[in-house]
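K.L.:
Quick one: the structure is below, and I'll ask about it shortly.
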Amino acid sequence: MKIPHRPLSPHLQVYNLPLTALLSISHRITGVSLTLGIVLLTLWVFSAALGEEEYNLFSLFLNFWLGKLVLFGFSVALFYHLCNGIRHLFWDIGMNFDLKKTMLADYTVLFSSIILTILVWFFALRDLI
Amino acid sequence: MIDGSSQFRSHLRHARGMGSAKEGTHHWLAQRVTALALLPLTFWLVFSLVTLSLEGHLEFITWLSSPISGTLMILFLLVSFHHGQLGIQVVVEDYISNITIRRTLLIVTKFISYLLATLGIVSVLRIIFESL
Ligand code: HEM
């Protein structure tokens, strides 16, 4: 039987998300994750205000592999959300709506957030390298 | 015109009350303005965290108790919790259709956000004043 090549309307289970859609939902996921991240930042500052012992306890967690993983995730989410956020602000003033520019922005956002993450971890770990 | 009697009225009469939610412009704008403010604040925070060695308690306290770092940290906490709370509100409104659960979640996120923002700000102030 010949399979007709006609357009299908989007259906969540069979639809291959285009990159733009994937990046769009990622903005939401990173935004919610970042909110959990700033809770952690607050607790860090709070621990420092309590005293040295409490601060050291918190640092112990951050230096544990799970803490490092959380920090890494936070940095990835932050840079992605920041870069894509800039793209959002351009959209909000009515720029870059056509398909070509949107796709160019897709790759720019991805590329910049990866570069920023690598740069930051390179500098953060520069003493170990 | 929809009916003869209304042709001397402005179109505003038909538009009024027909929006989806009847509010939201302020929320939308606040999300954008806080995003704009977070742009430099985020760069400052990340730059500070990687360039300073914040291993020990003393270094951390010394860094945060300078007026500039203290001010920027307080601003970061205030603005990021505000922005995050506005954002979570949109996510909750999109996915939770039960009005009771929705309203409860919205109030709870507001309470927790501003509680934590205040906790962070008071902590920074305490660090500043204790180091004087
Ligand atoms: C640590 C800080 C941040 C947190 C906790 C945070 C959190 C959030 C959350 C929860 C949302 C809602 C997502 C949604 O509605 O789908 C959001 C949206 C947004 N964020 Fe952030 N964000 C942060 C930093 C930033 C930065 C630095 C920018 C820079 C431009 C930014 C730009 C935006 C924009 C433009 C939106 C609206 C997107 C939309 O309408 O879909 N955010 N943010």
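The values are calculated or read from the model by the stated rules, or taken from the named source; none is laboratory data. Predicted model, so just to flag it, every value in this text is computed and none were measured. Backbone-built Cβ (ideal geometry, glycine too); neighbour counts: all protein chains shown. The area values use the complete protein model at the heavy-atom level, side chains included, leaving out ligands, DNA and RNA. Shrake-Rupley method; radii C 1.70, N 1.55, O 1.52, S 1.80 Å.
K.L.:
Give just the number: which of (1) more than 9 Å from chain B (Cβ to nearest Cβ); (2) open to solvent by less than 60 Å² (accessible area, probe 1.4 Å) does A:Leu89 not satisfy?
P.N.:
(1)
K.L.:
Can you tell me which residues in region A:5-36 are closer than 16 Å to A:Cys83 by Cβ and either free of Cβ contacts under 8 Å to residues at least 60 places away in the same chain or within 14 Å of another protein chain (Cβ to nearest Cβ) (or both)?
P.N.:
Within region A:5-36, A:Leu22, A:Ser24, A:Ile25, A:Ser26, A:His27, A:Arg28, A:Ile29, A:Thr30, A:Gly31, A:Ser33, A:Leu34 qualify.
K.L.:
Failed condition for A:Ser47, given (1) open to solvent by less than 20 Å² (accessible area, probe 1.4 Å); (2) within 16 Å of the ligand (Cβ to nearest atom); (3) facing chain B (nearest Cβ under 9 Å), with all others met?
P.N.:
Failing condition for A:Ser47: (2).
K.L.:
Right, B:Leu78: open to solvent by 70 Å² or more (accessible area, probe 1.4 Å), modelled with pLDDT of 95 or more and within 16 Å of the ligand (Cβ to nearest atom) or not?
P.N.:
yes
K.L.:
Filter the helices (runs of 4 or more DSSP H) completely within region B:46-132 down to those with at least 1 residues that are farther than 28 Å from A:Phe72 by Cβ.
P.N.:
So the answer is B:67-95, B:99-130.
K.L.:
Same structure again: Sort out which residues of region A:53-102 are under 22 Å from the mean Cα position of the chain (by Cα) and of a type in the set (A, V, I, L, M), and write them in order of number.
P.N.:
Hits for region A:53-102 are A:Leu62, A:Leu66, A:Leu69, A:Val70, A:Leu71, A:Val76, A:Ala77, A:Leu78, A:Leu82, A:Ile86, A:Leu89.
K.L.:
Then there's this: Between A:Phe74, A:Phe97, A:Phe90, which is touching a Gly at 6+ places or on another chain (Cβ under 7 Å) and farther than 14 Å from A:Ser26 by Cβ?
P.N.:
That would be A:Phe74, the only listed residue that is touching a Gly at 6+ places or on another chain (Cβ under 7 Å) and farther than 14 Å from A:Ser26 by Cβ.
K.L.:
Oh, and also: If I filter region B:97-108 for residues that are within 11 Å of another protein chain (Cβ to nearest Cβ) and modelled with pLDDT of 95 or more, do I get at least one hit?
P.N.:
no
K.L.:
Taking A:Leu62, is it part of a helix (DSSP H, G or I), at pLDDT 95 or above and not charged (D, E, K, R)?
P.N.:
no
K.L.:
For region A:52-75, give me the residue count where each residue is away from every other protein chain (no Cβ under 12 Å), open to solvent by 40 Å² or more (accessible area, probe 1.4 Å) and within 16 Å of the ligand (Cβ to nearest atom).
P.N.:
2
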